[in-house]
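The values are calculated or read from the model by the stated rules, or taken from the named source; none is laboratory data. Everything numeric in this text was worked out from a predicted model, so none of it was measured. Cβ: placed from backbone, ideal geometry, glycine included. Neighbour counts: every protein chain shown. Surface areas here come from the heavy atoms of the whole protein model, side chains and all, with no ligands, DNA or RNA. Shrake-Rupley method; radii C 1.70, N 1.55, O 1.52, S 1.80 Å.
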Amino acid sequence: MLRITGGKVHDPANGIDGVVKDICIADGRVVSTVEGGRSIDATGLIVFPGGVDIHTHVAGAALNFARGLTPENMRRALPFIHSPERRAGLGGITPTTFATGYLYAGMGWTTVNEAAVPILSARHTHEELHDTPIIDKSCLVLMANNEIVLDLLEAGEAERAQQVVGWLIWAAKAYGVKAVNPGGVAAWKWGKDAKTMSGVVEGYKTLTPAKIVAGLAKIVDDLKLPHPLHLHCNNLGAPGNVTTTLETMRILDGHRAHLAHLQFHAYGGDDWNSMRSEAATIAEYFNAHKNLTTDAGAMLFGETVTITADGPWQHVLHQLTGRKWGNMDVENETGCGIVPHTYKPTKLVNAVQWAVGLELMLLIDDPWRVFLTTDHPNGACFWRYPEIIRLLMDVEFRKEQIKLLPEEARKRIVLADLDRQYTLSEIAIISSAGPARALGLSQKGHLGVGADADVTMYEASPDSGILFEYPRYVIKGGEVVVEEGEIRSVARGRQFIVRPEFDEAIEAYLRPLFQKVYTMSFDNYPVEVERIKGADVRSL
Ligand SMILES: [Zn+2]
């Protein structure tokens with residue numbers, strides 16, 4: 001039992017904006033009152049629901065591939081966080097499992113969504129998610145280049161495609177469906193990409209990215225998944241991709257959808273020399289279409305490594321930068337590319353990207369529909385979120401930073417014209433309440449009675465001037481996991497899994513097909529739910 005007293009509570013989901021009130025906790029949940037137990041004096045602190053990351057890459061084969069390709073990053077020490085368990089972990093750009101749990105909790109985040117899991121490596125991903133302490137997790141299974149699903153969409157077999165998608169989600173023990181560069185990763189097997197929504201996908205007769213997007217969005221809606229189709233649009237990173245993104249949003253009319261890392265999809269211009277921000281165009285359309293949510297995928301200057309299922313894009317990035325390149329094929333399902341990358345403020349393209357992420361967060365008027373992410377580690381590492389929060393909350397600081405950009409870049413962005421400053425409650429929305437709602441996790445992102453007792457307390461005016469860098473206390477499931485900047489206990493997180501409704505008879509269709517085209521036996525393919533410790537299964 002625990003009572004938090006005297007703190008200023010920001011709980012936007014319950015309409016509470018900086019009110020001093022007690023938060024009472026028993027059996028891992030928020031309750032209306034408690035008698036006895038520990039009491040934490042939160043006077044002078046602000047009290048937030050624990051952070052929720054809707055789009056990050058923290059576990060699975062792609063991360064290990066990235067670590068293997070960038071041994072130079074592995075020398076970096078962890079930021080200063082003590083752990084009572086003293087298990088070895090590496091920090092830096094792609095922190096290993098233990099470090100990931102410590103770093104997220106050490107920043108006040110208590111739930112994360114791993115955004116890209118192939119079914120073929122789902123077993124490994126779940127092992128790593130389980131090994132990531134403290135935080136709760138969910139994961140999304142990659143679907144927009146799965147050849148069994150694509151064949152059914154091309155054949156117009158919508159009903160069977162829905163049964164297969166339902167079966168695949170459950171086979172992967174996933175929480176939702178991710179679509180990456182629909183058709184483009186399948187085309188990459190022939191060295192091609194899918195750059196237009198209406199172009200036929202290489203290797204198919206009539207299938208287009210538009211049909212894949214529309215088909216999957218409908219299936220996800222019909223399966224009633226708690227989180228809508230989570231879409232990484234075609235043409236990521238390319239100048240002029242604003243037209244593809246607008247077209248994709250139009251295709252999604254009538255369906256729920258979440259657009260991942262929108263920063264990478266809001267560029268104008270015809271080539272790299274003329275690239276400019278189209279954040280205003282994207283935000284205008286987005287503001288008027290309430291069926292959509294998005295996350296920023298904001299970029300910060302510095303070293304990182306890019307990791308994505310978007311294999312063809314990674315080849316382009318490698319050609320542009322000359323950096324190391326790794327490509328991986330995941331048979332019949334997806335691909336993966338790894339390229340280390342350095343974002344420099346002196347580079348025109350990077351300067352525009354930096355501005356676009358912030359512009360989108362400032363121009364999208366409803367904080368309940370745009371969430372704080374960096375597409376970790378693609379735009380920047382997740383542990384740099386406090387830097388973005390500062391840029392959103394402090395217009396003077398932001399304008400100082402804009403002055404450091406090349407003059408040519410400043411002509412191609414609108415950031416200097418934006419005076420909006422995020423309030424504390426808006427930060428609580430984009431970092432917790434909003435993503436929890438978009439994920440359909442009703443027990444997360446708020447501090448009302450019945451919510452999971454995930455609570456973060458920050459100094460209202462820290463010495464460094466940077467809010468959210470070091471929370472004073474982090475409570476996870478009612479347990480004090482961070483206190484005075486130290487990890488105090490290593491709680492075990494849960495894994496949220498969805499069991500969609502599907503007809504088991506679909507196995508009779510899948511089994512012979514699978515035995516013909518996969519190198520793995522059909523019986524070894526699905527992850528057994530008993531193997532996932534801490535599984536929290538929601539049957540639909
Ligand atoms: Zn991503």
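Among 389-397, 97-105, how do they line up from the highest to the lowest mean number of other beta-carbon atoms within 10 Å?
Those peptides, ordered most packed to least, come out 97-105, 389-397.
Tell me, what is the Rg over Rh of region 213-309, with Rh the Kirkwood radius over Cα pairs?
Expressed as Rg/Rh, it is 0.99.
In the chain, carbon and sulfur make up what percent of the accessible area (probe 1.4 Å)?
Carbon and sulfur atoms account for 51 percent of the accessible area of the chain.
Is there a quick way to get the dipole size of the chain? I mean about its Cα centre, with the Cβ of Lys and Arg at +1 and of Asp and Glu at -1; what is the value in debye to the nearest 20?
560 debye
Calculate, axis by axis, the spread of Cα positions in region 372-506 along the three principal axes, and write the results as whole Å, longest axis first.
Largest to smallest, the principal-axis extents are 60, 47, 26 Å.
Of the options 339, 216, 409, report the single residue whose Cα projects farthest towards the positive end of the charge dipole of the chain (beta-carbon charges: Lys, Arg +1; Asp, Glu -1).
So the residue furthest toward the plus end is 339.
Rounded to the nearest 500, what is the chain's calculated 222 nm mean residue ellipticity when only DSSP H runs of at least 4 contribute -39500 (n - 2.57) each, over all residues?
Roughly -8500 deg cm²/dmol at 222 nm, from the helical runs in the chain.
Convex hull volume of the Cα atoms in region 81-199, per residue, in Å³?
138 Å³
Leaving out ligands and nucleic acids, and using a 1.4 Å probe, what accessible area per residue does region 389-540 come to in Å²?
46 Å²
If you take the square roots of the eigenvalues of the alpha-carbon gyration tensor of region 173-268 and sort them as a ≥ b ≥ c, do you get rounded (a/c under 1.5), prolate (a/b over b/c) or oblate?
Judged from the Cα gyration tensor, region 173-268 comes out oblate (a/c at least 1.5, b/c at or above a/b).
Which one, 47, 266, 318, is farthest towards the positive end of the dipole of the chain when Lys and Arg carry +1 and Asp and Glu -1 on their Cβ?
My answer, from the dipole projection, is 318.
Which FRET efficiency value, to the nearest 0.05, do you get for residue 74 and residue 407 by plugging their Cβ-Cβ distance into 1/(1 + (r/R0)^6) with R0 = 45 Å?
0.75
I want the local charge near residue 293. Using Cβ-Cβ distances under 9 Å, sum +1 for each Lys or Arg and -1 for each Asp or Glu among the other residues.
+2
Give the Debye-formula value of log10 I(q)/I(0) at each listed q (0.07, 0.13 Å⁻¹), with one equal scatterer per alpha carbon of the chain, two decimals each.
-0.36, -1.32
Under the rule of at least 5 residues apart or a separate chain, name every residue whose amide H is placed under 5 Å from the amide H of residue 16.
11
Can you pick out the pairs among 224/516; 290/476; 137/173; 344/403; 137/218 whose Cα atoms lie more than 21 Å from each other?
Over 21 Å Cα-Cα: 224/516; 290/476; 137/218.
Hey, how many Å between the Cα centroid of region 22-41 and the Cα centroid of region 381-409?
Distance between centres, Cα-based: 38 Å.
Please list, in order, the residues from region 116-132 whose amide nitrogen is less than 20 Å from a point placed 7 Å along the Cα→Cβ vector of residue 528.
119-131
Separation of region 118-170 and region 239-284 by C-alpha centroid, Å?
After rounding, the separation between the Cα centres reads 26 Å.
Any idea of the accessible area per residue across region 81-239, 1.4 Å probe, to the nearest Å²?
26 Å²
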